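Heads up: the structure comes next, in C-alpha cells.
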Amino acid sequence: MVYLYDMVRLDEEWEKHKASKTTPSQMFAEDIEKRGELKEDGSFVLKGINDEIKIGQINEGVMAQDFLNWSDNYKCYFVNIEKISDYFSNEFKCKTIATKNKDVLYYWDGKCYQATGRSFIKEKFESILKENAKNKPLIEVISKVERKNYIKSEKFNKIPINLIPLQNGVFNIETKKLEKHSPKNYFKTIIPLTYDPKKECPTFLKFLQESLYPEDIPVVQEWFGFNLYRAYLIKKAIICIGEKDTGKTVFLDTLIGFIGESNKTGLSLQKISSGSDFVKLSLKDKYSNIYDDLSSRDMNDGGNFKIATGGGYISAEEKFGDYQQFKNYAKHTLAGNKIPPVKDSDDLAYYSRWIVLRFDNVPEQKDLFLKEKILKENSGILNWAIDGLYRLLKNGQFSYMKSDKEIKRIMEMQGDPLIEFGNEVLEKSVGQITKEQMYELYCMWADKEDKPKLSKEQLGRRLNKKIKYLVPKTGAKERFWDNVSIKGFWVNEMKKLSSDGKNEQLTFNLDTIDTTINII
C-alpha cells in the first residue's frame, strides 16, 4: 500500500519535533519500514507503488499519482489542489449557484445535473486517493471547485422548452429526432423512459377502452403528452371520479411510472391553496402533481389552484433559506370516489380548469398484475403520448370540448349515469328490448341529457351490473334484454322521432314500440 503524507499531519508532527530537530523521515521512522525505504541520498521510495497505481485507478483512467506532487523538503507527496479541482470542474461540468445560506454545487452525471456536488466530490476524492484522502485538502478542493464555477441561476434554469430528456437521449419536439445528452441543456432531471419509435402499448389502450368513455381516450392521450411539456400553456387539470376498483389507481400509477417518481409531487388542492410556502416549493421543477383521495376541504378555495394551473408565479420559501417565485409546470391529476362540493359554486372560471374523467366500469375479473404489465409498455406509451402532445400543440386545446356550465353540472352531479338512465327511462316489467334498440334509446337519452356516451360494447357489458333486474338473453335472430319495459314518455319520444325522421340514429321497429306501449 502507498502511504502519502498530507500537509496537516506534517504540520502537526513537525511542531512536536521541532525541539529535537528531527527530519521528516525521522519523524515517521515507525512508518518507514512498513511504507517504504529511505535511500542513502535521502530520497524516500514507496513500497508497492505499481500495485497501488492499479488499485487507485477509477473508470476515467485517473490515478492517485496524477494529483500528487513530491516534496524534496519533506520527502513525501502532497495533493495538488489546483490540478484535482480542475479535474472535477472540467470532467463533471460543475456549476455553483449562490443562495442565501449556502451555495449549491451541481455536477453533470452524463445525462443531467445533480445538486449533490459536494457529496459526489467527497466520494470521488476518496476513491482516487483512498486512505490519503484527508480532510484539509478535500475541503480546499471543494471550495476551489465552487469558486471556479459560479453561474447565475437565471441562466442555469433556462432550459429549451422543445427538449424532452429521456434515458437514451433528448427528444427534440421540433425536429422529431432523438439527440445526445449534453451538459449545455442544464437539465436537472430526466424522464425514466427509453425512446423506441417501434414500440406500442396494446395492454394500456385496452385498459383505457374498458375503463373510460370513448370520447375521453383522446383527451388522456393529450394529457400524457402534456405532462412531458415544461409549461402550463393550457389551463386545465384532470379529476378522476369513480367507485372502488374502477381503474383510477391503475391510471394514476401508470402516469407516475410514466413520468417518474422523482419527477412528481403529491399535493392536495387544500395544500396548494392554503399550505405553507415550504410545502408549495415541492411543485418547483416537477412535471406532475398526482394526488388520490380528494376531501371536501380540497375544493373550498380555488384561488391558488387557478394560479397553479394558469402559468402564474407561485411564491415559496426554502426552509431557513431563500424566498423565491417560480412558474409551475407540474400538471395536476387528482382522483376521488366522488367530487367534493365547492364552496364558491358560481365561479365558472374555476370549473373551466377541470377535465372530468369518469371511471364507471368495475371489471368482471380483477388482474392483480395489470399495473406491472402496463409499465412494461412505457416506451410504447411514450410514442402514443408524443402523438397526443403534437395534436394538443397544433389545436391549442384539449379534445375535451365541454363548456364551463357543462363541467359545473357534471361536477355537481353525484349519481352514476347508467343508474340515472335506468331510473329515468326503464322500469322492471314483463317485456323485452333488443340490445340494438337499447343502445339507440340510451344514445337518445344521453343526447337529451348531455351525458357522455359509452360504446355499444361497453353498454352491453355494464348495463345489467347497474340495473340489476335486466336479464340478457339470446333469441333466434338477435340478442335482447328481458324483464324490462320503457317508460311511457320515452316510448312516445322514440315513436315520434322514428316516424318523422328527425333522428337518423334511431332505427326502432315501430311494431316493437307499439307492442311495448300495449304492455305498459
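Exposure proxy check: Tyr469, Tyr186, Tyr107 ranked by fewest other beta carbons within 10 Å? Present the calculation step by step, with values, prior to reporting the outcome.
Values: Tyr469 14, Tyr186 19, Tyr107 24.
With the sparsest Cβ surroundings first, the list reads Tyr469, Tyr186, Tyr107.
Determine ³J(HN,Hα), in whole Hz, for all residues of the range 97-114 in sequence, where each value follows from phi through the Karplus function 6.51 cos²θ - 1.76 cosθ + 1.60 and θ = phi - 60°; x replaces Gly and Pro.
10, 7, 10, 4, 9, 8, 6, 10, 9, 9, 9, 8, 8, x, 10, 7, 8, 10
At a 10 angstrom cut-off on C-beta neighbours, averaged per residue, how do the peptides 217-229, 390-402, 115-127 rank from highest to lowest? If you can, show how the numbers build up before the last one.
Values: 217-229: 22.3, 390-402: 14.6, 115-127: 16.8.
Result, highest mean Cβ count within 10 Å first: 217-229, 115-127, 390-402.
Taking H as built 1.01 Å from N, whose amide H comes closer than 5 Å to the amide H of Ser429, not counting residues under 5 places away?
For Ser429, whose amide H was placed from the backbone, the distant partners under 5 Å are Val484, Ser485.
Using a Debye calculation, one point per C-alpha and no hydration shell, please list log10 I(q)/I(0) for the range 172-265 at q = 0.11, 0.25 Å⁻¹ in order.
-0.41, -1.68
Checking the table Lys155/Lys284; Lys244/Lys465; Lys236/Lys376 against a 21 Å threshold on Cα-Cα, which pairs fail?
On the way: Lys155/Lys284 16 Å; Lys244/Lys465 14 Å; Lys236/Lys376 28 Å.
Exceeds cut-off: Lys236/Lys376.
From the phi of every residue in the range 437-450, what ³J(HN,Hα) in whole Hz does the Karplus formula 6.51 cos²θ - 1.76 cosθ + 1.60 yield, where θ is phi - 60° and glycine or proline is x?
Values per residue, Gly and Pro as x: 5, 4, 5, 5, 5, 4, 5, 5, 5, 5, 5, 5, 8, 6 Hz.
Please report the net charge: other residues with Cβ closer than 12 Å to the Cβ of Glu146, K and R +1, D and E -1.
Working: positive: Lys95, Lys102, Arg118, Lys144, Arg147, Lys148; negative: Asp103, Glu140.
So the surrounding residues net to +4.
Counting Lys +1, Arg +1, Asp -1, Glu -1, what net charge surrounds Leu370 among other residues with beta carbon under 14 Å of its beta carbon? It would help to have the intermediate numbers written out before the result.
Values: positive: Lys206, Lys248, Lys366, Lys371, Lys373, Lys376; negative: Glu210, Asp245, Asp253, Glu364, Asp367, Glu372, Glu377.
Local net charge: -1.
Quick one: net charge of Asn383's neighbours, Cβ under 13 Å, K/R +1, D/E -1? Can you show the working numbers first?
Working: positive: Lys176, Lys198, Lys199; negative: Asp196, Glu200, Glu377, Asp387.
Combined, the nearby Lys, Arg, Asp and Glu give -1.
All of the numbers you see were taken from the coordinates with simple rules; none came from a lab. Everything quoted here is computed from the prediction, not taken from an experiment. Cβ coordinates were reconstructed from backbone atoms using ideal geometry, including for glycine residues, and neighbour counts include every protein chain displayed.
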